[in-house]
Amino acid sequence: HCVSRKGHKPETETTPSDIGGLQEKLGHRFNDSQLLVQALTHSGATRNRLESNERLEFLGDRVLGLALTGMLLETFPDEEEGKIGYRFSALARAESLARIGADIDLAPHIHLDRGEEEAGGRDNPGIVADCCEAVIAALYLDGGFEAAEKFIHQHWRPLMSEDLAPPKDAKTLLQEWAQGQGLTLPVYRVADREGPAHAPHFTIEVSVDEKKPATGQGTSKQAAEQAAAKSLMDRIEEQE
């Protein structure tokens, strides 16, 4: 499958029986269960990063994007591209992936190294979200786009139906507020970065003209930027 080398398996070996229950929740019985094992293998849990879920995560992001785009265009045929874009951003973000990962009880199946395990990595939404993306790729590689799309439709349609109005993320709301006030666009900068390379933790500061800056934290720059923007927007709304 051009993802891991044939014959090589992650250092933390898992038998298909260990993931049988997960396959039921995914609605797909794997022909190559090792694909699913790899999707659940964090980079720190194997000596060779090519045997981790990183490449699958990259692929899963694209498969999810295509499936969500098709679902949104079909469900909202009369909406302009901008509103579809807001919906897409809300559904494709890490928070949504982590939520689906929790729904299918992904955390107990994830392979972590001892350090990450002791640091609470199994409860890290960023790690769960990454594994969820990798699982989507595993479904795609093992069962084709149809298998991945079936899983995505089953779990993302309820999220899509929760808010009938096109949702806007915090960064978009802050940018639109700044433009409406005739101010310069928000400026984001990395205030701090902690943790190992495979599990970083970012603190981002956002500022708009003379407004007092706000900070936010997350396991990715994007998540931390959203948190910072939300913090500043919350403060602005309290003052107005």
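The values are calculated or read from the model by the stated rules, or taken from the named source; none is laboratory data. Source: prediction; values computed, not measured. Positions of Cβ are generated from backbone atoms using ideal geometry, with glycine treated the same way; all protein chains shown enter the neighbour counts. Heads up: the accessible areas ignore ligands, DNA and RNA and are worked out on the full protein's heavy atoms, side chains in. Shrake-Rupley method; radii C 1.70, N 1.55, O 1.52, S 1.80 Å.
Data table
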| item | result |
| --- | --- |
| Top-ranked residue of the range 123-133 - restricted to ones that are part of a helix (DSSP H, G or I) and farther than 24 Å from Ser33 by Cβ, ranked as most open to solvent (accessible area, probe 1.4 Å) | Asp123 |
| Any hit, the range 178-187, residues being touching a helix residue (DSSP H, G or I) at 6+ places or on another chain (Cβ under 6 Å) and surrounded by 12 or more Cβ atoms within 10 Å (Cβ to Cβ) | yes |
| Any hit, the range 157-168, residues being among the acidic types (Asp, Glu), closer than 28 Å to Ile100 by Cβ and either at pLDDT 95 or above or part of a helix (DSSP H, G or I) (or both) | yes |
| Hits in the range 69-96 - residues which are assigned to a helix (DSSP H, G or I), open to solvent by less than 50 Å² (accessible area, probe 1.4 Å) and farther than 24 Å from Gly218 by Cα | Gly70, Met71, Leu72, Gly82, Ile84 |
| Inter-residue pairs, beta-carbon under 7 Å, first free of Cβ contacts under 8 Å to residues at least 12 places away in the same chain and in the range 85-112, second outside any helix (DSSP H, G or I), 6+ apart | none |
| Single residue of the range 22-64 satisfying the filter (over 22 Å from Glu95 (Cα atoms), part of a helix (DSSP H, G or I) and open to solvent by 40 Å² or more (accessible area, probe 1.4 Å)) that is modelled with the highest pLDDT | Glu24 |
| Positions within the range 150-160 being under 17 Å from Leu35 (Cβ atoms) and open to solvent by 60 Å² or more (accessible area, probe 1.4 Å), in sequence order | Lys150 |
| Top-ranked residue of the range 222-240 - restricted to ones that are open to solvent by 100 Å² or more (accessible area, probe 1.4 Å) and in contact (Cβ under 8 Å) with a residue 24 or more places away in the chain, ranked as nearest to Gly126 (Cα to Cα) | Gln222 |
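Okay, residues lined up against (1) assigned to a helix (DSSP H, G or I); (2) touching a Gly at 6+ places or on another chain (Cβ under 8 Å); (3) modelled with pLDDT of 90 or more; (4) of a type in the set (A, V, I, L, M, F, W, C):
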{"site": "Val135", "(1), (2), (3), (4)": "yes, yes, yes, yes"}
{"site": "Gly144", "(1), (2), (3), (4)": "yes, no, yes, no"}
{"site": "Gln154", "(1), (2), (3), (4)": "yes, yes, yes, no"}
{"site": "Gln179", "(1), (2), (3), (4)": "yes, no, yes, no"}
{"site": "Val190", "(1), (2), (3), (4)": "no, no, yes, yes"}
{"site": "Lys211", "(1), (2), (3), (4)": "no, no, no, no"}
